[in-house]
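Notes follow the structure.
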Ligand code: GLC
């Protein structure tokens with residue numbers, strides 16, 4: 001057996017370990033529920049060897065859809081071991097949440113369309129049509145919800161109300177905004193009195209992973225305090241915006257949305273289904289609105305504060321994501337790939353770091369403030385390919401697979417040394433490795 005098939009087999013084993021039958025947990029120890037974009041990456045990996053199981057993964061996500069179209073970022077396992085996690089969210093406070101299971105009250109990057117299409121590509125034409133027919137309405141409902149609820153001024157950019165929604169929890173742009181606008185006094189006090197060590201004693205995540213590799217105690221408290229504010233408004237975005245006015249038009253999310261919209265239209269065309277005209281117009285607006293996120297002074301894209309419209313000029317991995325959107329000019333794509341080539345920015349030995357090496361935020365194993373993650377590498381590789389940077393894409397694919405081969409299926413990696421960090425046997429790392437290797 002060659003090296004590649006050994007690695008594929010090892011990756012499949014990881015996915016098997018985390019398979020609970022109808023969905024796959026990101027990690028048995030650390031994340032014992034179903035997560036939205038994790039399951040999409042998992043389905044993309046599974047599609048390479050078991051399309052039925054990949055379909056089931058997606059159908060489980062759809063099973064958690066709210067009646068207003070929202071797809072929650074977490075669907076809680078029914079097992080009593082972790083029942084308290086659902087109580088933190090109390091999704092039942094919203095009239096739109098499903099009755100038969102408990103979920104979170106926020107969403108995550110809209111990778112669903114990509115996963116659906118990747119599965120579709122592995123099927124015969126007849127099977128593909130039937131698959132698309134099964135999932136089209138929920139997918140359309142999700143995109144309609146994104147535009148109706150999350151783009152209240154019809155700007156073309158959807159807004160997020162919690163950093164968990166962008167999937168990059170403690171990423172610098174979100175953390176700096178939260179720090180300046182939404183830190184409750186009691187968290188500031190804990191910070192000032194340096195009492196974070198007490199909080200760390202109470203944390204569950206640090207039982208599995210060393211505290212330096214997780215969001216700091218202050219960051220974790222801030223994330224939970226925002227969640228509590230959202231819960232008090234029963235996850236109703238109108239009320240949330242009236243009361244807290246904290247929202248971000250997130251670069252990663254909107255870049256993924258542009259690609260997802262394209263997929264949605266392709267799916268509709270394949271099965272001759274109508275997408276409402278107004279929705280198509282809103283989708284088109286997103287492509288042009290992305291350009292408002294470009295900063296000509298620093299030559300990169302950023303997320304934007306929804307209220308002030310100020311760009312949040314804290315560089316992060318999000319700067320790479322317009323490549324995946326695939327609709328930017330060659331000139332801007334060149335600027336992005338130059339950052340990727342620069343060792344002091346996004347091009348260390350084991351790229352792509354979640355924050356640039358020269359950022360004051362950079363911590364080599366600090367969760368989304370430095371480490372290399374395989375799902376974002378997958379998105380960047382795909383974007384590079386589609387934008388015509390084939391040798392960049394191949395090089396990044398090669399180094400990603402090498403890293404996993406060398407260090408194992410970890411949650412993330414130190415981008416300077418390649419050392420593993422976070423939890424072992426992490427599902428999306430395994431899934432995207434299968435996908436990258438299956439293309440070789
Ligand atoms: C963390 C990550 C998020 C992921 C989740 C489950 O919250 O930041 O992107 O979906 O864990 O793996």
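Computed quantities for the displayed model
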| item | result |
| --- | --- |
| Count of residues meeting criterion [more than 16 Å from the ligand (Cβ to nearest atom), more than 24 Å from residue 121 (Cβ to Cβ) and either in contact with a helix residue (DSSP H, G or I) (Cβ under 7 Å, 6 or more places away or on another chain) or in a loop (DSSP other than H, G, I, E, B) (or both)] in the stretch 396-440 | 8 |
| Hey, residue 178 part of a helix (DSSP H, G or I) and more than 28 Å from residue 269 (Cα to Cα) or not | yes |
| Looking only at the stretch 262-298, and only at residues there that are under 24 Å from the mean Cα position of the chain (by Cα) and outside any helix (DSSP H, G or I), the one that is surrounded by the most Cβ atoms within 10 Å (Cβ to Cβ) | 294 |
| The listed residue being within 16 Å of the ligand (Cβ to nearest atom) and in contact with a helix residue (DSSP H, G or I) (Cβ under 7 Å, 6 or more places away or on another chain), out of 159, 168 | 168 |
| Count of residues meeting criterion [assigned to a helix (DSSP H, G or I), within 16 Å of the ligand (Cβ to nearest atom) and buried (at least 17 other Cβ atoms within 10 Å of the Cβ)] in the stretch 12-23 | 2 |
| Qualifying residue in the stretch 342-350 (condition: closer than 18 Å to residue 383 by Cα, touching a helix residue (DSSP H, G or I) at 6+ places or on another chain (Cβ under 7 Å) and surrounded by fewer than 21 Cβ atoms within 10 Å (Cβ to Cβ)) | yes |
| Residue that is nearest to the ligand (Cβ to nearest atom), among those in the stretch 24-61 that are in a loop (DSSP other than H, G, I, E, B) and either surrounded by fewer than 18 Cβ atoms within 10 Å (Cβ to Cβ) or under 14 Å from the mean Cα position of the chain (by Cα) (or both) | 26 |
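Just so you know, all these numbers are worked out from the coordinates, no wet-lab data involved. Quick caveat, the model's predicted, so the values are computed rather than measured. Don't worry about glycine lacking a Cβ; one is built from the backbone with ideal geometry, like all the others, and counts go over all protein chains shown.
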